[in-house]
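Trainee: Below is a structure I'd like to ask you about.
The values are calculated or read from the model by the stated rules, or taken from the named source; none is laboratory data. What you see is a predicted model, and the numbers here were worked out from it, not measured in a lab. Reconstructed Cβ throughout: ideal geometry from the backbone, glycine too, with neighbour counts over all protein chains shown. To get the accessible areas, we keep the full protein, side chains included, count just its heavy atoms, and leave off ligands, DNA and RNA. Shrake-Rupley method; radii C 1.70, N 1.55, O 1.52, S 1.80 Å.
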Amino acid sequence: MEEMLKVTDLVRVYGRGSASTRALDGVSLSLEAGEFVGVMGPSGSGKTTLLNCVSTIDRPTSGSIVIDGRELTALRGKELSRFRRERLGFIFQDCNLLDTLTAFENIALALAIVKAPAGEIPGRVEEMARLLGIEDCLNKYPYQMSGGQQQRCAAARAMVTHPALVLADEPTGALDSKSARLLLERLEVLNRERGATILMVTHDAFTASCCGRVVFLRDGKLFLELRREGRDRKAFFQQIIRVVSQLGGEMDDVL
Ligand SMILES: Nc1ncnc2c1ncn2[C@@H]1O[C@H](COP(=O)(O)OP(=O)(O)OP(=O)(O)O)[C@@H](O)[C@H]1O
Ligand SMILES: [Mg+2]
């Protein structure tokens, strides 16, 4: 299988001297093309820091991040923003849709930015909206849409450019359980049918059980990984819950 993401010995230290925090302390992780991987761990364990380093929002103190064959830490300035724009997709908890644009325009903008041929744009926007179940919302402005619809619109915007890697930090964190399930179902479809490679941070065992593999961070280190391996979601959910409860008090907030 083709390797889409390879993180090697990643370290991120914030601050200096006695006041410093080792948010990531030697993390190594690989994702093959088409994998859907969840990242779990207690609050402060380094999940967001890991995602921010991979998404080029933050710079690691040391270590290497290779996405689709490119070493990220060697990219600078325009080259870096171009890589981010063309090869990465982001879904964050606060979905950052532009208020003055309709759902259609928000999704189309992502394609315009990567200079997709104008004639292709409407078809691609509509297809992605259908995949995410928001085809009836395309003419609405964000304030006219529910939180779940806005989040799926943000997911459509992240995926419409067919990024090499989609990065999601608690994408279901602000959603009620029904909207969360709907978004996850759609992410699973995009992963299965379109081969989208997804790295997703989550506190929630149900959300994690939709992934094919879940890695656990603690004190900036990866210390465990679980693979779904053909089991159904429910069985994987039970296993995640067992691990989380075995880890004891420090993971209580995960349940
Ligand atoms: N900009 C920063 N400056 C200083 N310390 C930081 C900074 N960002 C994160 N940290 C510290 O790094 C550690 C890891 O933070 P991170 O945000 O990655 O945790 P997390 O696993 O995402 O937690 P949560 O589940 O609460 O979102 C924490 O101890 C945090 O206080
Ligand atoms: Mg976080």
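Trainee: Tell me which residues, restricted to the stretch 39-52, are in contact with a Lys or Arg (Cβ under 7 Å, 6 or more places away or on another chain) and more than 8 Å from ligand 1 (Cβ to nearest atom). Spell out how you get there, then give the answer.
Mentor: First pass over the stretch 39-52, keeping only residues in contact with a Lys or Arg (Cβ under 7 Å, 6 or more places away or on another chain): 39, 41-42, 45, 49.
The answer is 39, and nothing else.
Trainee: Report whether or not residue 223 is surrounded by fewer than 22 Cβ atoms within 10 Å (Cβ to Cβ), out of contact with any helix residue (DSSP H, G or I) (no Cβ under 7 Å at 6 or more places or on another chain) and aromatic (Phe, Trp, Tyr). Talk me through it step by step, then tell me what you get.
Mentor: Details: surrounded by fewer than 22 Cβ atoms within 10 Å (Cβ to Cβ): yes; out of contact with any helix residue (DSSP H, G or I) (no Cβ under 7 Å at 6 or more places or on another chain): yes; aromatic (Phe, Trp, Tyr): yes.
So residue 223 passes the test.
Trainee: Find the residue count for the stretch 103-136, including only residues that are open to solvent by less than 60 Å² (accessible area, probe 1.4 Å) and closer than 24 Å to residue 169 by Cα.
Mentor: Within the stretch 103-136, residues that are open to solvent by less than 60 Å² (accessible area, probe 1.4 Å) and closer than 24 Å to residue 169 by Cα number 15.
Trainee: Taking residue 163 and the conditions (1) more than 18 Å from residue 86 (Cβ to Cβ); (2) part of a loop (DSSP other than H, G, I, E, B), which numbered condition does it fall short on, given that it satisfies the others?
Mentor: (1)
Trainee: Given the conditions (1) open to solvent by 10 Å² or more (accessible area, probe 1.4 Å); (2) within 16 Å of ligand 1 (Cβ to nearest atom); (3) outside any loop (DSSP other than H, G, I, E, B); (4) more than 27 Å from residue 116 (Cα to Cα), report the number of the one that residue 64 does not fulfil.
Mentor: All conditions are met except number (2).
Trainee: Shifting gears a bit: Could you give me the residue pairs with C-beta distances under 8 Å whose first residue belongs to the stretch 211-223 and is free of Cβ contacts under 8 Å to residues at least 40 places away in the same chain, whose second residue is open to solvent by less than 10 Å² (accessible area, probe 1.4 Å) wherever it lies, and which are 6+ apart or on separate chains?
Mentor: 223/216; 223/217
Trainee: Could I ask something else about it? Specify the residue that is farthest from the chain's Cα centre (by Cα); the eligible residues are those in the stretch 74-93 that are open to solvent by less than 40 Å² (accessible area, probe 1.4 Å) and farther than 23 Å from residue 208 by Cα.
Mentor: Per the stated criteria, the residue is 75.
Trainee: Please work out which residue is nearest to residue 42 (Cα to Cα), limiting yourself to the stretch 164-183 and to residues that are at pLDDT 90 or above and more than 16 Å from ligand 2 (Cβ to nearest atom).
Mentor: Ranking the qualifying residues of the stretch 164-183, first place goes to 166.
Trainee: Let me ask another. With respect to the numbered conditions (1) more than 16 Å from ligand 2 (Cβ to nearest atom); (2) open to solvent by 70 Å² or more (accessible area, probe 1.4 Å); (3) part of a loop (DSSP other than H, G, I, E, B), which one is the sole condition not fulfilled by residue 43?
Mentor: It is condition (1) that residue 43 fails.
Trainee: With the structure loaded, tell me whether residue 20 is in contact with a strand residue (DSSP E or B) (Cβ under 9 Å, 6 or more places away or on another chain), open to solvent by 30 Å² or more (accessible area, probe 1.4 Å) and at pLDDT 95 or above or whether it fails that test.
Mentor: Numbers: in contact with a strand residue (DSSP E or B) (Cβ under 9 Å, 6 or more places away or on another chain): yes; open to solvent by 30 Å² or more (accessible area, probe 1.4 Å): yes; at pLDDT 95 or above: no.
In short, no.
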